[in-house]
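Below you'll find the structure, written out as structure tokens, and then a few comments.
Rule-based calculations on the coordinates, nothing more; no lab input. Only a predicted model underlies this, so the values are computations on that prediction, with no experimental measurement involved. For neighbour counting, all protein chains shown are included, and Cβ atoms are generated from backbone atoms with ideal geometry for every residue, glycine included.
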Amino acid sequence: MEPSGAQFVLPIPFLWFHDDQNPIGEVFAADVRPDGIYIKARVSKVNAPGRLKNLVDDAWAAFTAKPPLVRGLSIGWKELESAPMPGTKFTRVLKWIWGELSAVTVPMNTDATILSVKSIDLAASGLHAPGDTGQPLQVRAKGTRAMTFQEQIAGLEAKRAADLAAMTTIQTKASDDGNTKDAEQKEEFTRLKLEIKSIDEELVDLRDMEKLAVVKATPIINATDQTKASELRGGLLPRVTVTPNVPKGTSFTRMCMAMAAGKGDSYQTLQYAKQWKDSTPEVEQMVEHMWRSKAAVAAGTTTDSTWAGPLVVTQPLNEFLDMLRPRTLLGRIPGLRRVPFNVSVPTQTTGGTYGWVGQNKPKPVTKADYATVTVPFAKAAGIIVLSEELVMLSTPSAENLVREEMIAGMSTFLDQQFNDPAVTAVANVNPAAITVGASTAAASGVTAAAAKADIAASIAVFTAANVPLADSVWLMSDSNAFGLSISLNALGQPLFPGMTAQGGTLFGMPVIVSNNVSTRVILLHAPSILYADEGGVRVDVSREASVQMDSAPTDTVDATTVYISLWQRNLVGLKAERFVTWIRARTAAVRYITAAAYVGS
């Protein structure tokens with residue numbers, strides 16, 4: 001329960017064990033504080049003999065027994081707004097109607113307890129009735145804010161006005177009857193008078209505290225952030241973030257499956273997405289946004305080259321990219337320099353000339369060479385074809401299959417394009433691999449000694465070109481990483497102690513392992529590799545298109561080109577696109593070994 005979400009109107013009925021046929025009093029004050037909701041309640045005085053008198057007398061006896069027989073409190077409530085608690089089977093109730101408070105023996109919340117009970121001092125009037133709870137009854141709850149002084153003052157003033165009105169009613173009724181107040185009226189009148197006196201004393205203290213708070217208050221100046229401004233003025237609750245208890249990337253996968261299952265009908269897509277509203281509500285929200293913002297589409301004709309089915313375009317869901325990045329070399333290499341698309345970046349190609357200079361001797365004139373590098377647009381894309389039965393099957397296994405297929409396909413492609421020296425630049429299509437034109441040498445052997453010599457040679461190339469090793473990284477396959485990790489010296493000690501089959505460090509430089517590197521062992525200076533990334537993945541869906549089911553489709557179609565109709569075979573095509581590119585800003589920033597197959601000593 002979120003105490004700050006309670007909606008209530010005082011007084012609140014005070015019941016005996018949640019039985020609305022057994023009321024015993026009322027809650028007349030409630031104070032929401034940082035450590036819980038504190039309340040004040042009173043047990044009613046019943047003079048007329050009967051069941052009700054016996055009930056309140058029994059309740060009062062249970063409260064005042066030594067030790068108390070009933071000391072727990074429990075609320076009667078109705079939910080207005082809730083959210084699941086990730087990782088648990090419980091639900092956090094954010095907003096709720098507080099209908100009643102009950103005295104119970106065993107409360108659901110063991111911290112909800114009566115702190116103390118006391119009677120009003122009526123000795124002067126000769127009355128000895130059950131009294132108010134002078135200290136609050138406490139319901140503890142974390143994360144709530146305290147009522148401000150102004151709120152407390154307003155609440156007490158409202159209560160004082162109600163008490164005064166009740167006193168006036170009692171006095172007027174007695175006067176109209178031409179009699180003095182009877183015993184019951186005197187008791188209630190005295191109780192109300194003492195309560196007003198107590199409220200007046202409390203109001204004096206609260207107004208003094210309010211004045212002191214104003215003197216010490218810190219003005220809010222130019223607080224443009226909503227959360228910060230809210231905290232400064234104490235007006236709102238801390239922000240609560242609820243994270244769905246589903247694997248990362250599930251929202252993206254479900255979005256694709258909903259689009260595919262909708263068969264081009266936005267309404268059907270929305271209804272399909274509603275099944276996940278509790279665990280991934282953002283899927284339904286994205287579909288609604290797409291539905292409302294979608295422009296009218298012209299009818300297809302035989303002369304329309306795009307008649308095969310305009311693909312439904314979604315906005316990028318970035319959580320998929322959060323999963324894709326750690327699976328790619330671009331996302332795992334530390335220190336890569338990220339830049340915007342189509343921006344010219346200056347880069348230093350050579351260092352200056354420096355030397356020792358004697359007294360009164362001419363100093364050498366230094367010169368550093370710079371070049372300008374532009375990172376152009378480039379787009380990676382692929383089409384995944386799935387059966388309609390698979391996309392309609394909303395089980396976790398189907399979702400995992402779709403998600404893993406999309407991640408694996410895109411990450412493998414990007415890794416190969418990033419490091420394969422056979423991938424040369426094509427204008428307005430793709431960037432060159434970082435190894436194109438870089439210094440290279442074939443592995444001198446497979447033994448530990450050969451590996452050590454090859455690695456030393458790569459480092460020597462870097463140092464000769466004044467490329468810093470501090471920001472450099474090794475890329476290699478897990479088989480080569482394993483071979484280096486089991487390499488031993490003559491004493492049987494690890495030759496490369498920082499290495500494991502999963503990576504580690506090699507001579508103090510990080511090692512990134514990926515089988516997409518193949519038999520190459522690459523040394524690169526990370527800050528000299530520039531890359532640009534749009535920051536999202538765009539997905540299109542179609543079931544009417546005809547597709548070349550080929551990983552290398554024919555660019556210029558001819559009579560031999562074979563198409564598969566998705567509609568005819570009950571298939572769905574998911575096209576994923578990512579705008580990303582890279583460029584090696586410094587020629588000497590990469591050195592790689594080819595045909596490496598190290599097996600250790």
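Structure values in brief
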| item | result |
| --- | --- |
| Single condition PRO23 does not satisfy, out of (1) closer than 21 Å to VAL106 by Cβ; (2) buried (at least 17 other Cβ atoms within 10 Å of the Cβ); (3) touching a residue at least 60 places away in the same chain (Cβ under 8 Å) | (3) |
| Residue match in segment 483-496 (condition: in contact (Cβ under 8 Å) with a residue 60 or more places away in the chain, under 23 Å from ALA585 (Cα atoms) and in contact with a helix residue (DSSP H, G or I) (Cβ under 8 Å, 6 or more places away or on another chain)) | no |
| Strands (runs of 3 or more DSSP E) enclosed by segment 426-515 - at least 3 residues per element that are surrounded by 15 or more Cβ atoms within 10 Å (Cβ to Cβ) | 472-476, 503-506, 509-513 |
| ARG591 crowded, with 17+ Cβ neighbours inside 10 Å, more than 15 Å from LEU475 (Cα to Cα) and in contact (Cβ under 8 Å) with a residue 12 or more places away in the chain | no |
| Subset tally (residues that are under 18 Å from ARG51 (Cα atoms) and part of a loop (DSSP other than H, G, I, E, B)) for segment 1-40 | 2 |
| Residue list for segment 57-84, filter: under 30 Å from SER279 (Cβ atoms) and without any contact (Cβ under 8 Å) to a residue 24 or more places away in the chain | LYS78, GLU79, SER82 |
